[in-house]
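Contents: one structure, followed by commentary.
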């Protein structure tokens, strides 16, 4: 495909701050060419790499970088820096290492750019504006989406309802418009969007294209705003089934398969299965899952881990104080970056249609606040701090769009079922308190 340009998120900053999390939390798959390139670099113990293990190991039918005993990549030094980068420059690193935390996707004859908020520097909006990094991102895009690449089909609006790219852009613009309404709380924005998407899903096919689609979206957007005033936010407790499916989703989002967990073998997998069951049941105390290393580095952890409280599931159903405008800013930025980068539907998100993909994205709002409550409760607090929300979002976004489990038929059906039962809106309202 020929590129007409690379679209960058306009409201996001990012620069690497060398936390080393991505070099510990990911198993980096490499190509045969990258393997040969690393071998030609002739690494020795004098360079600081381990002498007791290969640098590259088999990974299914391909290869990946090996890890040190503590789980770090073999090329990560004690200062959190990449030895390949230091010795040979950034272009010498595997492409996967160069790209993170960017998420680059083809879109029509263009290329969109999103970011992964699992990187603490992204979630905290630290560094240089992404809009000023065009040259670097364009160089990555040419490697990820070469000119010979066949442009993907436009994501469906909903199952069976196709869109062309111009109509997709119309829908995308109205999602952005709803997310950007700073006059109302973020939970209200989500409820309004979910409302008009539900109505659009029931529309006749002949009005879901061209100018008629634009007229319908404008009508639905205005109607949702009138029906959902900010000072009348309906708070309805989700059903037991809604909460059960919600906890199942959180358990999948919290699961982090790293080099360290892979070494645990069958025992480790059985432990993860048992924790998943406990999340489904939702009784007793919440399992104490390990936080990502990058989250611990960026947001800290109590000096005495033994004194952390294991809160009960019921405790997280109680309202928590501490809401602030900073929460709205963070979540607005997250959602807009995902929508601008088309990182919630189509090829970038399990080939989901726009409406189901946005519903899945909307569930990241209550999931983030649920995990933020968990982090606060572990320290004996009932007041949320910004760092709780930032750490929760960084933890959960690690798997958003990347965990195979979330792309399974059962996970997709869970989103549809929650929507049919009116539980997505209920979850957004309930955990907004």
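Scan region 90-108 residue by residue and report those that are assigned to a loop (DSSP other than H, G, I, E, B) and in contact (Cβ under 8 Å) with a residue 12 or more places away in the chain.
Scanning region 90-108 gives 94, 100, 101, 108.
Taking into account only those residues within region 146-181 that are in contact with a helix residue (DSSP H, G or I) (Cβ under 8 Å, 6 or more places away or on another chain) and assigned to a loop (DSSP other than H, G, I, E, B), which is surrounded by the most Cβ atoms within 10 Å (Cβ to Cβ)?
155
Between residues in region 410-432 that are over 21 Å from residue 313 (Cβ atoms) and residues that are part of a helix (DSSP H, G or I) and at pLDDT below 95, which pairs lie under 6 Å by C-beta distance while being six or more apart or on different chains?
425/191
What number of residues within region 77-89 are part of a helix (DSSP H, G or I) and in contact with a strand residue (DSSP E or B) (Cβ under 8 Å, 6 or more places away or on another chain)?
Qualifying residue count for the region: 1.
Is it the case, given these coordinates, that residue 405 is in a helix (DSSP H, G or I), modelled with pLDDT under 95 and buried (at least 21 other Cβ atoms within 10 Å of the Cβ)?
No: the conditions fail for residue 405.
When you check residue 368 against the structure, is it touching a residue at least 60 places away in the same chain (Cβ under 8 Å) and under 28 Å from residue 182 (Cβ atoms), yes or no?
no
How many residues does region 21-43 hold that are within 18 Å of residue 69 (Cα to Cα), part of a loop (DSSP other than H, G, I, E, B) and out of contact with any helix residue (DSSP H, G or I) (no Cβ under 7 Å at 6 or more places or on another chain)?
1
From the list 212, 247, which one is under 18 Å from residue 364 (Cβ atoms) and either assigned to a helix (DSSP H, G or I) or modelled with pLDDT of 95 or more (or both)?
Just a single option satisfies the conditions, and that option is 247.
Regarding residue 187, is this residue touching a strand residue (DSSP E or B) at 6+ places or on another chain (Cβ under 6 Å) and surrounded by 21 or more Cβ atoms within 10 Å (Cβ to Cβ)?
Spelling it out, it is not the case that residue 187 is touching a strand residue (DSSP E or B) at 6+ places or on another chain (Cβ under 6 Å) and surrounded by 21 or more Cβ atoms within 10 Å (Cβ to Cβ).
Taking region 49-76, which residues are in contact with a helix residue (DSSP H, G or I) (Cβ under 8 Å, 6 or more places away or on another chain), in a loop (DSSP other than H, G, I, E, B) and either at pLDDT 90 or above or not assigned by TED's automatic domain parsing to the domain that holds residue 95 (or both)?
55, 75 - these are the residues of region 49-76 that are in contact with a helix residue (DSSP H, G or I) (Cβ under 8 Å, 6 or more places away or on another chain), in a loop (DSSP other than H, G, I, E, B) and either at pLDDT 90 or above or not assigned by TED's automatic domain parsing to the domain that holds residue 95 (or both).
Of these, 348, 362, 367, which one is closer than 21 Å to residue 408 by Cα and in contact with a strand residue (DSSP E or B) (Cβ under 6 Å, 6 or more places away or on another chain)?
When all the criteria are applied, what remains is 348.
Can you name the number of the only condition in (1) surrounded by 13 or more Cβ atoms within 10 Å (Cβ to Cβ); (2) over 26 Å from the mean Cα position of the chain (by Cα) that residue 89 fails?
(1)
Within the group 126, 140, which residue is in contact with a strand residue (DSSP E or B) (Cβ under 8 Å, 6 or more places away or on another chain) and assigned to a loop (DSSP other than H, G, I, E, B)?
126
If you check residue 227 against the conditions, is it surrounded by 20 or more Cβ atoms within 10 Å (Cβ to Cβ), over 30 Å from residue 290 (Cα atoms), outside the structural domain of residue 286 (by TED's automatic domain parsing) and touching a residue at least 24 places away in the same chain (Cβ under 8 Å)?
no
Does residue 87 satisfy being farther than 26 Å from residue 256 by Cβ and without any contact (Cβ under 8 Å) to a residue 60 or more places away in the chain?
Answer is yes for this residue.
The values are calculated or read from the model by the stated rules, or taken from the named source; none is laboratory data. Computed from a predicted model, the values in this text were never measured in an experiment. Positions of Cβ are generated from backbone atoms using ideal geometry, with glycine treated the same way; all protein chains shown enter the neighbour counts.
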